Amino acid sequence: MSGPPADPIQSLKKKRGTAPKDLQRAEGHWFEPVADHLGAAYLRYSFTKGTAQEIEFLVGAIGLRPGQRVLDVGCGPGRHAYALAERGIEVVGVDISERFVDIARDGAPPGASFVRADARDLRFDAEFDAAISLCQGAFGLAGGPAAPLDADGDVLAGIARALRPGGMAAVSGFSAYFQVRWLEDADSFDAGTGVNHERTEVRNEDGVPAPADLWTTCFTPRELRLLAARAGLEVRAVWSVTPGGYAADPPTIDSPEFLLVAARS
């Protein structure tokens, strides 16, 4: 079976081909070598084209205003951070990929700054009015080989700590319902952990392919609510969303992602 790809992991699916070597690294997070190879080619994928709509929706949904300070966790090359900074909002983007951070810094608008950091070990404490982690930028990618079962919970806890009291968080996660419904031949879904493993291929700016192993944690709305509560966040909503098509729609089994909106207690 096959369904419409939507998140960064699903949208990177390509036909198999000969490649120089697997994208693996003995140390560090599994996503780093994938990002190193992709570079700016990440921004060619269709799921990145909905940035303006996503930010327009979030500005209203979590009440963002010029002059506020926002943390973008798993910022990638900085597309959401750029859009927020252009609205007069100060943004600090963090990503585990030094390559993505370098790309984001190059040409960043005033008000947007970027730091390499591991989302599983964020060191911010009550510094931001809001935080986002969208399109599996970090939340949802913490799983992988030998990863602790609560690794994504660590990401959400770090986001919660980074917020000032009353600060708002908007975090997207891939839908477990959608993933199982549209499971493909290249996928291996672990029902015990909710992690989908995919063997796929990614291409860099020059079109050079390389095989890669990708792991995405998938969630139900109930799991998102429980993780948020454990992190000290008060859930305001869980909506069904599609990249570039954010809306306040109730959860269904038909949408590729859920968007959690919550406030720090």
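The values are calculated or read from the model by the stated rules, or taken from the named source; none is laboratory data. Here the structure is a predicted model, which means the values were calculated and not measured. With ideal geometry, Cβ positions are generated from the backbone for all residues, glycine too; neighbour counts draw on all protein chains shown.
Inclusion of A212 among residues that are surrounded by 17 or more Cβ atoms within 10 Å (Cβ to Cβ) and either farther than 21 Å from K49 by Cα or not charged (D, E, K, R) (or both) is warranted. Checking each residue in the range 216-234 for being crowded, with 23+ Cβ neighbours inside 10 Å and in contact with a Lys or Arg (Cβ under 8 Å, 6 or more places away or on another chain) picks out only L233. With respect to R199, determine if the residue is touching a helix residue (DSSP H, G or I) at 6+ places or on another chain (Cβ under 8 Å) and of a type in the set (K, R). When the stated conditions are applied, R199 does not pass them.
Within the range 182-195, does at least one residue satisfy the condition of being touching a residue at least 40 places away in the same chain (Cβ under 8 Å), polar (S, T, N, Q) and assigned to a strand (DSSP E or B)? There is no residue in the range 182-195 that is touching a residue at least 40 places away in the same chain (Cβ under 8 Å), polar (S, T, N, Q) and assigned to a strand (DSSP E or B).
Of the candidates A228, A262, the single residue that is in contact with a helix residue (DSSP H, G or I) (Cβ under 7 Å, 6 or more places away or on another chain), part of a strand (DSSP E or B) and not aromatic (F, W, Y) is A262.
Being under 18 Å from the mean Cα position of the chain (by Cα), within 20 Å of E234 (Cβ to Cβ) and surrounded by fewer than 23 Cβ atoms within 10 Å (Cβ to Cβ), is that true of even one residue in the range 120-127? For the range 120-127, residues under 18 Å from the mean Cα position of the chain (by Cα), within 20 Å of E234 (Cβ to Cβ) and surrounded by fewer than 23 Cβ atoms within 10 Å (Cβ to Cβ): present. Only one of the numbered conditions (1) at pLDDT 95 or above; (2) not in a strand (DSSP E or B) is not met by W239, and that is (2). Here A104 does not fit the description of being assigned to a helix (DSSP H, G or I), in contact with a Ser or Thr (Cβ under 7 Å, 6 or more places away or on another chain), modelled with pLDDT of 95 or more and farther than 27 Å from G194 by Cβ. Would you check which residues across the range 162-175 are surrounded by 17 or more Cβ atoms within 10 Å (Cβ to Cβ) and in contact with an Asp or Glu (Cβ under 8 Å, 6 or more places away or on another chain) and list them? Matches in the range 162-175: A162, L163, G167, M168, S172, G173, F174, S175.
For A126, indicate whether it is touching a helix residue (DSSP H, G or I) at 6+ places or on another chain (Cβ under 8 Å) and assigned to a loop (DSSP other than H, G, I, E, B). Against the criterion (touching a helix residue (DSSP H, G or I) at 6+ places or on another chain (Cβ under 8 Å) and assigned to a loop (DSSP other than H, G, I, E, B)), A126 qualifies. Residue count for the range 53-81 satisfying the condition of being free of Cβ contacts under 8 Å to residues at least 60 places away in the same chain and buried (at least 22 other Cβ atoms within 10 Å of the Cβ): 6.
For the range 102-124, a residue qualifies if it is without any contact (Cβ under 8 Å) to a residue 24 or more places away in the chain and of a type outside the set (K, R), and the qualifying residues are D102, D106, G107, S113, V115, A117.
Within the range 129-160, if we keep just the residues that are surrounded by 23 or more Cβ atoms within 10 Å (Cβ to Cβ) and either assigned to a strand (DSSP E or B) or among the acidic types (D, E) (or both), the residue that is nearest to the chain's Cα centre (by Cα) turns out to be S133.
Every residue in the range 196-209 that is touching a residue at least 60 places away in the same chain (Cβ under 8 Å) and either under 19 Å from the mean Cα position of the chain (by Cα) or outside any loop (DSSP other than H, G, I, E, B) (or both), please. Correct list: N196, E198, T200, E201, V202, R203, P209.
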